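The structure appears below as structure tokens.
The values are calculated or read from the model by the stated rules, or taken from the named source; none is laboratory data. Only a predicted model underlies this, so the values are computations on that prediction, with no experimental measurement involved. Methodologically, a virtual Cβ is constructed for each residue, glycine included, from the backbone with ideal geometry; neighbour enumeration extends over all protein chains shown. We work out accessible area using only protein heavy atoms, side chains counted, and drop any ligands, DNA or RNA first. Shrake-Rupley method; radii C 1.70, N 1.55, O 1.52, S 1.80 Å.
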Amino acid sequence: MLKGIINHRPLARALRSKGRCVTALVLVAAALSACVGSVNPDEYPASLDGGAPGAESPLTYGDSGADHNSGTDVSATPTSASGVNSSSPDEAPAANSSADAPKEPSPEVTSCVASSRGLSEINVRRLTTPELVSALRAFFGPAMDADSVRSSLGSLRSESPISLEVTFDNRIVDVEGLEVVARAIGGSVVANEATSRAVLGCDIEEDVDSCHQAFLKNFLPRLFRRPIGDEERESYESFIEDIGGGRDGLEWALARAILSPHFHQHLELLATPTGDGRLRLDSSAVAARLAFRLTGAPPDDELLSDPEATASLSGLRKHAERLIHSPAGREQVRQLFRTWLAIDPPDPSAMLAGKAELTPDGLGAEVAEEFDRYVEYMLFEKGASFRELVDSQMVFPFSERLAQLYGVEVSEEPVDVPNGPRGLFMRAASLITGQAETNPIVRGATFRRRVLCEMFPTPDPLLVQAGQAVAESLSRTEYSQRIRASAATAGAGCAGCHERINSVGFVLEQFGPLGEWRETQRVFDEKGELLAEFPIDATAPHLGLSVRAQVDGAADLNQQLASSSEVNNCFAQWSFALARQRFPTPADTCAIGDVVQANVEELPVLDVLVTSVVNDDIFYRAENSQ
Amino acid sequence: MRSVKHSRRMFLCGTGGALMTIPFLPSLAPRSARAQEASQLKYVLMSSNYCVDQDGALPFPANHKPYATVTQLDDATSAQSLDEIVAKRGFFTSSIQGQDWDNLRPYMNIAFGTAVNGTNDKHNSCAMTAASMPHDVLADDHPRNDNPVFKFSADYLAERLLATPQHAYGALRMNLAFRHGADFGYVLSEYQNFAFGGPSASDPRFAERLPTMRDVAQLEQKLTSLGSSDGESVLERKSKLIDAVRDDYRSVIKSNAIGTDDRQRLEQAIELWNEAENRLLKGTAGSSCGAPDLMTASGDVRASWAVYHDYALDLCAYALACRVTPVISYALLHTSDDGPDNGDEHLLMHSGAHDDRDKVMAKAMPWRLARVARFANRLLELKDENDVSLLESTLISWGHEYAAPGAHPNAGHWTMMLGRAGGSLQTGNFLNLSGTPVTKNYYTTYHECVPYNRVLLTQLLALGHTNESIEAITGSVGFGEYGTVANNTNDHRQGASFGWSNAGRARFYTDAEKRKPLPILRVT
């Protein structure tokens, strides 16, 4: 295991560049090795191309041992990676000298070195656009409903969620788009008594001065998510005066506050050195981290008004469990799974839908909703573990066509499908395609990239061209998609990756282009005339994972994935990444280890997600080099 | 801004011009300095409803005989020179002739023979293409109702591209339904549930529609309210705002808790604010901004719809010249002062006698085009920040709803474009997009009409959008809804003045074709 980690390029780079981390990482590696066994790196190359120069593989925090299915070796270890259930006073951070500093957290890390926790946290991250809009809605409520505000929101930069391929762009590239929004909101707040009362708790028509005071004393600290100093307050007072006071002054001051980096950046300025290269955050920053990471929105009053909330992990956990069940928390959870698995299903081919007597329009949106319902039900109603979430036959056939697609009766309640697994990875939302035929190569590559966090090098265009020529030379009426794909990727330069890609793609051939279960591949012409039919061969020698076992159909694939440490690792990385807008670095080993361990212990996924946020990392960040 | 101390009466009685200058900083950069930068582009989308007098609008009778040399620009577009047509024929059409149109011909393109899909949910399926398409074309629970349909409106896309904080308004949208406080019937009652209606407070399905003004008083209010109570301009306040925000950034940068990378990032943001301020100071207004004699209508002289529209369009011209907004979306729905209202017009289109329809439209079209010509000539006269005609940096698009009298035919539309959009368009062309006629069973059909979407896409690309930026907003390839090809859908072969069919349009529905502009777009 240790060899595997050191061979791993990002980790190796970090080890070379951050000498101070070496001890911690060695300990972490040893701890993780003890937890989850070891793997021979020769059997499990770090990258898909077998370690070709320049190619990088995703981080792997822990690997499977022979007994990985049971997880018993993990739960038995005395050095649990979880930061929740144990404590170690010896690892307490340095005393906080600030008078208003929060109480020390209870340091509970035993499986990793506490002084590495939080070192990778970003000091000044901008709010993502969704976070920004959520924060504006939280603070400005009904003022956001004004036409001018609604249309102004289109001026904000649109951004895609991060992925393994796309890192978060932390630059501030457009200040004027936000200005449009800020001015619209400022105007909306002071437009009438109703909005001023809802936002500031005062009547702008009757008493402008009280609105000024409410803004300065109460609203600004909430907006900036920290106490406001005298100098800052005076600056805003002067600005209001300079604009001419009254409504106009307040309107423009509101715009200024929205445009201030104190609002649209996650600033963690109030922090105390711990003496080990880190800073201990003040309570307001910790609360902000908790709320944004779990709900994508700022802390609510209940969190802010609880003096015990940020003093310890148990205090935080209490609020985390509440927040994750809030509407915003639920949406955040849905977004996590949608983003991780890139759920954006198209409407199906009209021809195929017609053959199946399904209306194609809107089916993509319907299967996406079905996916959401499943995730929500399993997590919030059943309290499912990750393994249960992955390995289930439950579907939600709430419409005629969904029922038809899944081969069950219409029902508002969940039912089990008669054929094949569905779980998290094999729902119609993941499998439906807008094409008339499946493409096992695309499916396999997409699946591995998403579910296993595997990265593939860009194939040589000449090899791709040659492969396509081979595939086209094989008539689709004489050869199955599996045979054509095999032939297209049989070249010497292709096999390295495609052995893995195709293995998954071929097993997923058990699902048709609509995402339906099938026993045969049927080939139609453009008009829907049946041209040929081939039996499905959904077997594969192995998946190229740490445990090599033959795969016998989609159900077997699903079970292997449910107990795969690679899938567990991948989920841990995504749950970490979407909360923080970055994928983990070696300094995050403790936090990732917590998540991996919680999954191995088959804790409910919601607990795992809470753990991914509520661990000791939340209290710290690195000191900046000045 | 609500701090209006100047009364509307005062504004209308002659001080309007002076007030119009208030929003802009008095000490602008020297004109020579301003001339170094390209003029800001502007977009005006004018839409009329129902059919137009197609035969009277085109330079040929029903047999489509060309008057000028035909040049095939691409496989779907042929062109004739407007100048050559006029030189040979003496005029373009009965509705488009005279000095006003002669002035505009060098800035003009007429695109004829597009086809429209009116069957789906995206806005440019309707040739009106402005403001906001209703959601009521779909079932309440249709999943696409989640998507604000105004994202498929050309004016919205233009606003997203052109609006800057320098503009007091990202766009001004007008549908004049009221005159002297009176509701002009069908204009309001139909079109509040159709394009130009603005958001509805009572019906959540329509809450996403964009705000639309319904009388001139609202536009006057928007323009006069730019000045504040003590005469300080919005832009002076914006300058103060920028100062204060930069101070806020600096206060963070000074903190010891900020590392080098973050400091640099925040300093870069300050640079962006510096650039915003520079733009604010440099190119605030055109040199024509504030010319008081442009106010040709004032007080209560707005007795007719013609004067009322002309006055509103004068204000719109001002708003463009003074950089109050970069986008105007304007509904030109009235037929004339004594023509039928839109309700009667609707019935007439569906079931009226041919002669009656032709009489109405023969009168309505020149009346509407006269408004367009007058407005475009205003822009031609006005100068922008570089002292050149506003029409050089503006693109006006005038289109209409249905192609010809009858049962709402949706093929054979024509669109007029005026302005050079900063030089990105070749002008002076009559463009035929109707494809090669097919004669079968003694019946001639035009079945390869270019989708109307291509005209709108070309306009957006001319303004500076890219296919990628458009698709990032709309989430679909090309621009808007392309529908499906079926002879039973939108096949108005039997009802239109000419024969039209969708049969040959499938070739335009590949992604590459959807992203393709008209060949008049200059590639830079």
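Things to note:
- Being part of a helix (DSSP H, G or I) and open to solvent by less than 60 Å² (accessible area, probe 1.4 Å) is a description that does not apply to A:Gly383.
- Residue within the range A:227-235 that is within 10 Å of chain B (Cβ to nearest Cβ) and polar (S, T, N, Q) present: yes
- Screening A:Ala487 with (1) of a type in the set (A, V, I, L, M); (2) in a helix (DSSP H, G or I); (3) within 20 Å of A:Gly420 (Cα to Cα) gives one miss only, at (3).
- Test: residue in the range A:591-599 that is within 14 Å of chain B (Cβ to nearest Cβ), hydrophobic (A, V, I, L, M, F, W, C) and farther than 30 Å from A:Ile441 by Cα: no
- Taken together, A:Thr167, A:Thr128 contain a single residue that is closer than 30 Å to B:Gln264 by Cα, in contact (Cβ under 8 Å) with a residue 12 or more places away in the chain, of a type in the set (S, T, N, Q) and open to solvent by 20 Å² or more (accessible area, probe 1.4 Å), which is A:Thr167.
- Taken over the range A:438-470, the criterion of being farther than 23 Å from A:Glu165 by Cα, surrounded by fewer than 19 Cβ atoms within 10 Å (Cβ to Cβ) and in contact (Cβ under 8 Å) with a residue 12 or more places away in the chain is satisfied by A:Ala466, A:Gln468, A:Val470.
- Unique match (being modelled with pLDDT under 65 and basic (Lys, Arg)) among B:Arg105, B:Arg89, B:Arg144: B:Arg144
- The residue list A:Ser152, A:Ser160 contains one member that is modelled with pLDDT under 90, of a type in the set (Ser, Thr, Tyr) and open to solvent by less than 10 Å² (accessible area, probe 1.4 Å), which is A:Ser152.
- In this structure, B:Arg205 qualifies as more than 7 Å from chain A (Cβ to nearest Cβ), in a helix (DSSP H, G or I) and modelled with pLDDT under 60.
- Residue match in the range A:190-211 (condition: within 14 Å of another protein chain (Cβ to nearest Cβ), touching a residue at least 60 places away in the same chain (Cβ under 8 Å) and not aromatic (Phe, Trp, Tyr)): yes
- Helices (runs of 4 or more DSSP H) lying entirely in the range A:249-340 (those with 2 or more residues that are away from chain B (no Cβ under 11 Å) and more than 28 Å from A:Glu381 (Cα to Cα)): A:283-295
- Set A:Leu316, A:Leu304: member being farther than 30 Å from A:Arg373 by Cα and either more than 18 Å from the chain's Cα centre (by Cα) or of a type in the set (Phe, Trp, Tyr) (or both): A:Leu304
- Qualifying positions in the range B:441-464 - open to solvent by 10 Å² or more (accessible area, probe 1.4 Å) and either more than 16 Å from the chain's Cα centre (by Cα) or within 14 Å of chain A (Cβ to nearest Cβ) (or both): B:Asn441, B:Tyr442, B:Tyr443, B:Thr444, B:Thr445, B:Tyr446, B:His447, B:Glu448
- Selection count where residues are among the aliphatic types (A, V, I, L, M) and buried (at least 22 other Cβ atoms within 10 Å of the Cβ), scope the range A:390-401: 2
- Qualifying position, being over 30 Å from A:Ala488 (Cβ atoms) and at pLDDT below 95, among A:Leu543, A:Leu603, A:Leu578: A:Leu578
- Evaluation of A:Glu412 against (1) in contact with a Phe, Trp or Tyr (Cβ under 9 Å, 6 or more places away or on another chain); (2) charged (D, E, K, R); (3) crowded, with 19+ Cβ neighbours inside 10 Å (one fails), failing number: (3)
- Cross-chain or 6+ apart pairs with Cβ under 7 Å, the range B:422-436 first and in a loop (DSSP other than H, G, I, E, B), then aromatic (Phe, Trp, Tyr) and modelled with pLDDT of 90 or more: B:Thr427/B:Tyr107
- For the residues A:Ser305, A:Ser312, the requirement of being surrounded by fewer than 22 Cβ atoms within 10 Å (Cβ to Cβ) and farther than 30 Å from A:Leu136 by Cβ singles out A:Ser312.
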